[in-house]
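Rule-based calculations on the coordinates, nothing more; no lab input. Because the structure is a prediction, the values reported are computed rather than measured. All Cβ positions, glycine included, derive from the backbone under ideal geometry; neighbour counts span all protein chains shown.
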Amino acid sequence: MSEGEAKTVASDERASFSWISALRDAGFLALFTLGLSFPILAFRTRQDLWHGLVLDPRWDLVATVVAIAFFGRLSWLVVGGRVSRNVQSFATQVGEVLAPLQNYKGTFRLVGLIWLIAYPFLAVLIAGPGGALKWIDNFGIQILIYVMLGWGLNIVVGLAGLLDLGYVAFYAVGAYSTALLSTYFGLSFWICLPLAGIFAAFWGILLGFPVLRLRGDYLAIVTLAFGEIIRLVLINWVELTNGAAGISGIPRPTFFGLPFNASDEGFAAFFGLEFTPLHRLFFLFYLILALALLTNWVTIRLRRLPIGRAWEALREDDIACRSLGIDTVTTKLTAFSIGAMFGGIAGAFFAARLGFISPKSFEFMESAVILSIVVLGGMGSQVGVAIAAVAMIGGTELLRELGWLKSIFGAGFDPTQYRMLLFGMAMVGMMVWRPRGLISKREPSLVLHEKRAIGGDLVKEGQG
Amino acid sequence: MGQAAMNTGVGPALEPILRVEHLTMRFGGLLAVNDLSFDVARGQITALIGPNGAGKTTVFNCITGFYKPTSGRVALMSGGPQSDPAIAALTDSPGRSQRVGRGGVYLLERMADSEIAAQAKVARTFQNIRLFTGMTVLENLIVAQHNWLNHASGYSVLGLVGAKSFREAEAKAVEIAVAWLDCIGLKGRADDPAGALPYGDQRRLEIVRAMCTGPVLLCLDEPAAGLNPRESAELNELLLSIRDGNGTSLLLIEHDMSVVMEISDHIVVLEYGKKISDGTPDYIKNDPKVIAAYLGVEDEEVDEAEAEIEG
Ligand SMILES: Nc1ncnc2c1ncn2[C@@H]1O[C@H](COP(=O)(O)OP(=O)(O)OP(=O)(O)O)[C@@H](O)[C@H]1O
Ligand SMILES: [Mg+2]
């Protein structure tokens, strides 16, 4: 939009702005809030000494909330349009600024890689050996696990356009197969890692067969159900999985047979270093970095192969695919199982990293988080998914760092409780301002003359 | 065969590539296609015309496996003439296809949509264009060559390690795609998203995308819909070049009489799911039943309508 046009739109809006209708609108919202807060906020329940139920009315709270809703809405109606437009244009600008960066991809990749490799050392340098533990473990490793999961799910959702709400099931399959194989049969981590991938892929095919005939909402619901089924089986098959108590004592990964401990056969002793728990973290960091990069490499490669193009074509229009002789069931199954495989490998890493797993780690919330990473990042975009994972998981971890806010809001204030609220707000904000994700452009997989990114408006999201 | 040979206008019976016999398609209480029989001659352009809702698209969907016909037989004879006893034997067996030499007999009503495209080599386009809008023009044509390319990539194993044989196969696929793009004058737009092309170009791209699958029979559902006269003329040329240059047989649904009358070798007219006429363009043009049905006019207005068609 040119500047002149923008001005006319703005003045038109001012002209058409009417206090009466704004007041009516805000009043309506206040009424709505009142109705909504009546069952939720108006009464607090507690038990008195005789175990009877007592209702404490909290009308002051209700009044506050209604007032906030009224004035909030009113001020949004007065200035909100401008704010929203500014944010919108800012978001577009950010997107535009980021877009030409695509041309320097090689440089970025190199700088990013060097930074990632140097990260644990930088953490030690800056935060000291004690402080670095947190930065490497909670931030580095944790984020990279989600980057890998995001990339794995990106194959299914972003490329093939299959809405999978039960991805965490494959993460669980990988983790549990590693835990069971290593505790029951004493298999080493390095054998469990590929086996976990294979098992997860196998389960992907097994679950995929009946499911992939469904489309859209139906597929989403059934995958959701499968995720829950796997979790419930893990909880209830107590003889095998030890139920909700989980499996502990999973052997930690070794450095080509050298354990990370203070013993004489340990890694530190072998290399003549002083033992510190940092060694294991460094190792785990580089391991998950390598696994994530492997996922990325395979995905990028596959995208340029016929199978990858068939996935994207399937996302675009599966009827056209069938008219071209593409076997849609096999194509969907490959996407499903390859995505599952990476989820399984990440699960194996997860199990070995903590040495303990329980079904609590594989709840629907995890699937939702991974899916939001893919959606926020921009479906199909590898870089976008990585950025979204850093923002979402790093952001959650940062909330833990906000303990000092207690001095402002009182001792009962726990910032991590607001995680889901912030998540939701980020989602809503994205859907309003960048509905196709951070990076919505699609890169062609094959170029004749000149590479040009394809605008997100033309790229379809898939119907199932 | 009895019904199919009931040509009222065609001179000597031509050798068919597709034989549709007693095809019936019922949607609940609606008889969309009613005991329809016709032949598509090898190496020719056959047009299927009829008023809106006559069941033309439904016939296409039955031929290409998107619908499973209620009853009837749809036999494709690729490679060369096939004997009636061979088709009859296949019909009696539980099989779906019988390879003979480089071609074979395929009973399309028994096959699924993607199998029909992949094995029997019947390609189609859609009444409402179905391109991969978010993929480039070139990608669209490469996806169309998926089956042999995927095979050449060793089901992705060879491709993943970057084998030379796969790179060569891919180069070959690009070459084929570029040749087709040249043919419709879109080579310069190879790297543009297909969804950004003008409507007429999208129609032609969809046709060459279907051609990239290497079909023996190409089914086009209203390829001229929404085209201006110049684009229609270009389309005619493209279709004739496909017929003559590639030896592909064509079956097309079309409302645009300038296209139908000019390029078809043979026309089948449908009304309310039933065949009402079948013959050469000249024969059809002068068949009062067709004029009445096609234009939906009373008998006394037929002359008027006839003049319109001639004009
Ligand atoms: N899947 C379906 N379910 C139910 N009825 C259908 C279905 N497909 C087509 N029909 C009906 O069958 C009849 C024939 O439709 P068809 O689309 O084949 O007509 P057509 O000859 O292609 O018309 P047009 O020239 O408008 O494209 C119509 O009455 C239509 O409503
Ligand atoms: Mg139609």
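Observations on the structure shown:
- Farthest toward the positive end of the dipole of the protein assembly as shown, out of A:Gly395, A:Leu422, B:Gly279, is the Cα of A:Gly395, where the dipole comes from beta carbon charges about the Cα centre.
- With R₀ fixed at 25 Å, the C-beta to C-beta distance from A:Lys406 to A:Ala67 puts the FRET efficiency at about 0.40.
- Charge context of A:Glu366, other residues only, Cβ under 14 angstrom, K/R +1, D/E -1: 0
- The mean number of Cβ atoms from other chains found within 10 Å of a Cβ in peptide A:445-457 is 6, as a whole number.
- Stretch gain in nm, segment A:Arg58-A:Phe271, where the contour uses 0.36 nm per residue and the Cα spacing is subtracted: 70.1 nm
- Total charge dipole magnitude, the protein assembly as shown, about the Cα centre, Cβ charges on Lys, Arg, Asp, Glu only, Debye to nearest 20: 3220 debye
- Computed helical MRE - 222 nm, chain A, DSSP H runs ≥ 4 contributing -39500 (n - 2.57), nearest 500: -21000 deg cm²/dmol
- Average Cα contact separation per residue, segment A:105-401, under 8 Å, 6 or more apart, as relative contact order %: 37 percent
- Taking amide H as placed 1.01 Å from N in the peptide plane, the amide H of B:Leu252 sits under 5 Å from that of B:Thr46, B:Ala47, B:Leu48, B:Leu220, each at least 5 places away or on another chain.
- Here the spin labels are modelled as points 7 Å beyond Cα on the Cα-Cβ line, and at A:Leu422 and A:Met365 they lie 1.5 nm apart.
- Using the average count of surrounding beta-carbon atoms within 10 Å as a protection proxy, the listed peptides B:191-197, A:454-460, B:155-161 rank, highest first, as B:191-197, A:454-460, B:155-161.
- Taking a straight line from the alpha carbon of B:Lys68, these lysines sit under 24 Å away, with near neighbours fewer than eight places off in the same chain left out: A:Lys332, B:Lys56, B:Lys121, B:Lys274, B:Lys275.
- Helix B:229-246 and the longest principal axis of the C-alpha atoms of chain B enclose an angle of approximately 70°.
- Given charges at Cβ of Lys, Arg, Asp, Glu: segment A:105-401 dipole, positive-most of A:Trp237, A:Ile370, A:Ile326: A:Ile326
- Neighbouring partner chain Cβ atoms per residue of A:326-338, average, 10 Å criterion: 2
- Mean separation of Cα contacts under 8 Å, 6 or more apart, over the residue count of chain B: relative contact order %: 24 percent
- Calculated FRET efficiency for the pair B:Ala179/A:Trp76, C-beta based, R₀ 41 Å, to 0.05: 0.10
- Dividing the summed -39500 (n - 2.57) terms of all DSSP H runs of n ≥ 4 by the residue count of chain B sets its mean residue ellipticity at 222 nm at -11000 deg cm²/dmol.
- The phi torsions of segment A:187-202, fed into the Karplus equation with coefficients 6.51, -1.76 and 1.60 and a -60° offset, translate into couplings of 6, 6, 3, 5, 7, 5, 4, x, 4, 4, x, 5, 4, 4, 4, 4 Hz, rounded to whole numbers, with Gly and Pro shown as x.
- Cα long-axis angle, helix B:199-211 against chain B (0 to 90 degrees, to the nearest 10): 70 degrees
- FRET E, pair A:His51, A:Ser248, Förster distance 51 Å, beta-carbon r, rounded to 0.05: 0.85
- Based on C-alpha pairs under 8 angstrom that are at least 6 apart in sequence, segment B:130-215 has a relative contact order of 49 percent.
- Total formal charge among the other residues, if their Cβ is under 14 angstrom from that of A:Leu163, Lys/Arg +1 and Asp/Glu -1: 0
- When only the Cβ of Lys, Arg, Asp and Glu is charged (+1, +1, -1, -1), the dipole of segment A:105-401 relative to its Cα centre reaches about 560 debye.
- 3J(HN,Hα) couplings calculated from phi for segment B:28-34 with the Karplus curve 6.51 cos²θ - 1.76 cosθ + 1.60 (θ = phi - 60°) are, in sequence order, x, x, 8, 8, 6, 10, 10 Hz; Gly and Pro show x.
- Extension gain, A:Lys460 back to A:Arg304 (0.36 nm per residue minus Cα-Cα distance, nm): 54.3 nm
- Note on A:Ile126 and A:Ser21: the model spin-label points, each 7 Å out from Cα along the C-beta direction, lie 5.1 nm apart.
- Centre-to-centre, using Cα atoms only, segment A:282-306 and segment A:143-198 are separated by 13 Å.
- When the Gaussian network model of chain B links Cα atoms closer than 10 Å, the mean-square fluctuations of B:Glu262, B:Glu234, B:Glu271 top out at B:Glu262.
- Debye log10 I(q)/I(0) at q = 0.13, 0.23 Å⁻¹ for segment B:130-215, Cα point scatterers: -0.40, -1.03
- Listed peptides A:439-452, B:90-103 appear in the order A:439-452, B:90-103 once ranked by packing, highest mean of other Cβ atoms within 10 Å at the front.
- The alpha carbon centroids of segment B:36-70 and segment B:90-147 are separated by 15 Å.
- Fewest-first ranking of B:His255, A:His51, using other Cβ atoms within 10 Å as the exposure measure: A:His51, B:His255
- Residue-averaged beta-carbon neighbours from other chains (10 angstrom radius) around A:309-315: 5
- Modelled spin-label separation between B:Lys274 and B:Ser258, with each label point placed 7 Å from Cα along the Cα-to-Cβ direction: 3.4 nm.
- Calculated P(r) tail over 33 Å for chain A, as whole % of Cα pairs: 49 percent
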